[in-house]
Every structure is written in structure tokens, then in C-alpha cells.
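The values are calculated or read from the model by the stated rules, or taken from the named source; none is laboratory data. Remember, it's a predicted structure, so these values are computed and weren't measured experimentally. Quick note on the areas: whole protein, heavy atoms, side chains included, nothing else; ligands and nucleic acids left out. Shrake-Rupley method; radii C 1.70, N 1.55, O 1.52, S 1.80 Å.
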Amino acid sequence: MGESLGHVGVVAAVHANGTLDTVDGNLGDKVALRTHLDPSTVSTNHQHVSGYVSPPGA
């Protein structure tokens, strides 16, 4: 593969328009709430959203 993927954000909300609110740890050396992110354009460390997971039963 060769790619290094290393940031995880927890989705706190999904809005009707498709944007997301996330809680991200170690983002600028702090925990941050990011709101109304467009998953098709947002990036962290020059990496775009590459996938989602959901806990069983959610």
C-alpha cells in the first residue's frame, strides 16, 4: 500500500445537508470540535476522508 493514514476523528453529528461535526484528538496539539465539515473537501494533514465505520447496532 505505501500510504500512511494516521488521523481519526469521531463523528459527533451528521447534518441534513451532509456536513459533519467531528471531535478530533491531537489536532494542533489539542482536542478540537470541528463543525459543518464537507466530507468531499475537508482534509487533515493533506489527507481527505477515506472511510467511515459504525459500531454494531448504531
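Observations on the model:
- Added length on full extension, which subtracts the Cα-Cα distance from 0.36 nm per residue, Tyr52 to Val31: 5.6 nm
- Of all accessible heavy-atom area on the chain, the percent that carbon and sulfur account for (1.4 Å): 55
- Sorting Asp21, Asp38 on solvent-accessible area from highest to lowest, probe radius 1.4 Å, gives Asp38, Asp21.
- Solvent-accessible surface (1.4 Å probe) assigned to Val53 amounts to roughly 140 Å².
- Normalised by residue number, the volume inside the convex hull of the Cα atoms of the chain is 105 Å³ per residue.
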